[in-house]
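The values are calculated or read from the model by the stated rules, or taken from the named source; none is laboratory data. Remember, predicted model here, so these are calculated numbers, not experimental data. Neighbour counts run over all protein chains shown; Cβ positions are idealised from the backbone, glycine included.
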């Protein structure tokens, strides 16, 4: 039986905010995964006015032609950019894999799901609104929750827009590598096999066991 993901997946989107001050912040980990993926597949990303973001296309594993996108619309309007790519190439919503940060997951963990709600993430809210469905795969990358006291909303903003600490860099690097491996596994083996292989892994736990 043909791998349903291989047959349908064409566009991989990393979510984040444009601009120097947001580079390598927790909220931009989707951008970081996409950059790592583009480097691995040797796909060049460049500004694309029509698609409202940095865009590239090329061969992924096993000769699959893939499109990569980093929206430059800011997080809460990410859906506009994704919609423009889908409309231009006449692709269905289920052909999109979205990569984004998740405070509900500890740093060093990934979670692949074939569909689901936005879970309070503004980028995903925009995606679901513009695509008119939540039936598309997503890869959530753990950034951990804030330990700051006081005003909760202010603490959350400070956390997600903050950069990873130097001590966290080994975990971040491992997580980026795992994310790329997970995407390649998704293309080769499908959703269930990828979820089984990656959803239970913890970079922090593996580091502690070394």
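Figures for the structure shown
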item	result
Enumeration of residues in segment 104-123 that are surrounded by fewer than 20 Cβ atoms within 10 Å (Cβ to Cβ), touching a residue at least 60 places away in the same chain (Cβ under 8 Å) and in a loop (DSSP other than H, G, I, E, B)	106, 114
Identity of the residue in segment 131-143, buried (at least 18 other Cβ atoms within 10 Å of the Cβ) and touching a helix residue (DSSP H, G or I) at 6+ places or on another chain (Cβ under 8 Å), that ends up farthest from residue 176 (Cα to Cα)	131
Those residues of segment 72-85 which are under 19 Å from residue 7 (Cβ atoms) and in contact with a helix residue (DSSP H, G or I) (Cβ under 7 Å, 6 or more places away or on another chain), in sequence order	none
Some residue of segment 164-177 being under 21 Å from residue 64 (Cβ atoms), assigned to a helix (DSSP H, G or I) and in contact with a strand residue (DSSP E or B) (Cβ under 7 Å, 6 or more places away or on another chain)	no
Pairs, first in a helix (DSSP H, G or I) in segment 34-49, second surrounded by 18 or more Cβ atoms within 10 Å (Cβ to Cβ) and modelled with pLDDT under 95, C-beta under 8 Å, six or more apart	41/60
Within segment 164-205, tally of residues that are touching a residue at least 24 places away in the same chain (Cβ under 8 Å) and closer than 13 Å to residue 107 by Cβ	15
Residues located in segment 195-210, provided they are more than 15 Å from the chain's Cα centre (by Cα) and either closer than 20 Å to residue 27 by Cα or buried (at least 20 other Cβ atoms within 10 Å of the Cβ) (or both)	202, 203, 204
Residue that is nearest to the chain's Cα centre (by Cα), among those in segment 124-144 that are more than 22 Å from residue 175 (Cα to Cα) and in a helix (DSSP H, G or I)	127
Qualifying residue in segment 73-93 (condition: buried (at least 20 other Cβ atoms within 10 Å of the Cβ), outside any helix (DSSP H, G or I) and in contact with a strand residue (DSSP E or B) (Cβ under 9 Å, 6 or more places away or on another chain))	no
